[in-house]
Amino acid sequence: MPNWGDRMSAAGGAPVTVGRDPARDAARDELLNADYHRHDPSLQQRILDWITDRIGDALDAISGNGTTGTTGLVLFLVVAVLIGAALWWRLGAPKRAVRTTLGVYGTAGPRTAAQHRADAERHAAAGQWAEAVRERMRALVRALEERALLDARPGRTADEAAAEAGRALPEHAAALTAAAVVFDDIAYGERTADQAAYRLLRDLDQSLERARPALAPAPEGAA
């Protein structure tokens, strides 16, 4: 009588003997096939699951009846650290959400429009476009102040200057707003300055030199 524990019948009828070690190795190789692990959680997900489990354990311990004040405080701190670690892992280092916008002249204060223009051209010639953009916007605003189209007010932002000048020069209101946006994005944001941005402000500055303010409408009933 054949030993059915050690033999199998092949398709052709010849017995095949499979040893224990080869069978174990074959099973291990089969289980290592990538197709079986296609839907396994990633390393990041496994770490987050572990942190979540530890938070749950700590919360369960805090709510337990035998927890003392000191133990509860320690467990609370553990929970806080675990939550912070999970948020850091998922969101990264905290970023500053609100940017501080200084006046258009920055901390140095205004100079003459001609001086700002000269500095702007010098920076542009050197390919320093961010500095050129800042100085050209300052020249633009300062020129409007020198012509009394804007009152000289320290701390005025580029957006405020554009809005006020747009009321005096309505034909240029949209261009002034666009210039202020470019200035803010480059001076305080993350936009990279380039020659096109500088040309936009330079061309607007030159156009405003020739612009005349809109006449206020005459009061009703005036002769």
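By how many nm would the segment from Ile51 to Glu146 grow when fully extended, if each residue of separation counts as 0.36 nm and the alpha-carbon distance is taken off?
Values: separation 95, 0.36 × 95 = 34.20 nm, distance 6.28 nm.
The span from Ile51 to Glu146 would gain 27.9 nm if fully extended.
What number in nm² do you get for the range 113-210 if you take the convex hull of its Cα atoms and divide its surface by four? Don't skip to the end; give the middle numbers.
Values: hull surface 22.2 nm².
The orientation-averaged projected area of the Cα hull of the range 113-210 comes to 5.5 nm².
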Under 19 Å from the Glu171 label point (7 Å along Cα→beta-carbon), backbone N, the range 194-208: 201-208
17 Å cut-off, amide nitrogen to a point 7 angstrom out along Gln195 Cα→Cβ, residues in the range 118-136: 121-133
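Values quoted throughout were computed directly from the atomic coordinates according to the rules given, and no laboratory measurement underlies them. None of these values were measured; they are calculated from a predicted model. Methodologically, a virtual Cβ is constructed for each residue, glycine included, from the backbone with ideal geometry; neighbour enumeration extends over all protein chains shown.
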